[in-house]
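Readers should treat all values here as calculations from the given coordinates under stated rules, not as data from a laboratory. Here the structure is a predicted model, which is why all the values come from computation and not from measurement. Cβ placement follows ideal geometry from the backbone for every residue including glycine, while neighbour counts extend to all protein chains displayed.
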Amino acid sequence: MNFAERVSYENAVLARDGMSQFQIYRNDNGSYYLWGHHRTSANNRYTLWSPIPTGYPRARPHLYIHDPNPLWGYAGSATINSYGVSHGMHTLGNGPHGEVQICHWRDERWHSGITLNKVMMKCMLWLEAYEQHVSTGKAIDEFVRTMQ
């Protein structure tokens with residue numbers, strides 16, 4: 001399957017699985033990105049952005065919370081952005097505009113059979129856990145387990 005076929009397939013799988021709010025788009029410069037919005041069970045809206053790397057699907061895409069940015073933590077005392085790489089918060093280094101990057105898959109476990117619907121499912125779970133963090137102050141890893 002070539003890259004264009006894979007992009008078409010990914011969009012179809014997202015739609016099939018009820019995640020049509022996420023789609024892959026093409027920039028004017030020929031690069032691709034996934035973009036969409038998710039509304040949590042608390043009715044908060046988040047904009048998600050994932051630039052699709054040149055080596056996709058062999059290369060793992062980064063996934064960012066584009067909006068809101070910054071992303072405030074418990075009691076507004078610190079931002080999730082300020083954690084950077086954090087096992088407890090399931091985050092990686094911030095994005096090009098300071099966005100929180102969600103750790104959705106370990107590089108060594110990523111393979112070309114993983115589709116973006118699975119990445120977005122993990123992101124939606126992360127957002128629900130994030131909202132529990134905002135309510136309780138507990139780290140996100142208390143709500144979302146690390147892959148074994």
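Some observations on this one:
- Taking 7 Å steps out from each Cα toward its Cβ at THR115 and SER31 produces label points 2.6 nm apart.
- Max mean-square fluctuation residue, GNM over the chain, Cα-Cα springs under 10 Å, options SER112, SER82, SER50: SER112
- When the helices of the chain are scored as -39500 (n - 2.57) per DSSP H run of n ≥ 4 and the total is divided over every residue, the value at 222 nm lands at -8000 deg cm²/dmol.
- For TYR32, the residues whose amide H sits under 5 Å from its own are ASN27, ILE52, ignoring neighbours fewer than 5 places away on the same chain, with H placed 1.01 Å from N.
- Taking the stretch 80-114 and a reference point 7 angstrom along Cα→Cβ of GLN21, the backbone N atoms nearer than 20 Å belong to 100-104.
- P(r) weight above 23 Å for the stretch 3-142, C-alpha pairs, percent: 32
- Quarter the surface of the alpha carbon convex hull of the stretch 13-87 and you get the mean projected area, 6.9 square nanometres.
- Rounded tilt (10° steps) of 3-16 against the dominant C-alpha axis of the chain: 50
- The reciprocal of the average 1/r between distinct C-alpha atoms defines the Kirkwood hydrodynamic radius, which for the stretch 33-73 equals 11.3 Å.
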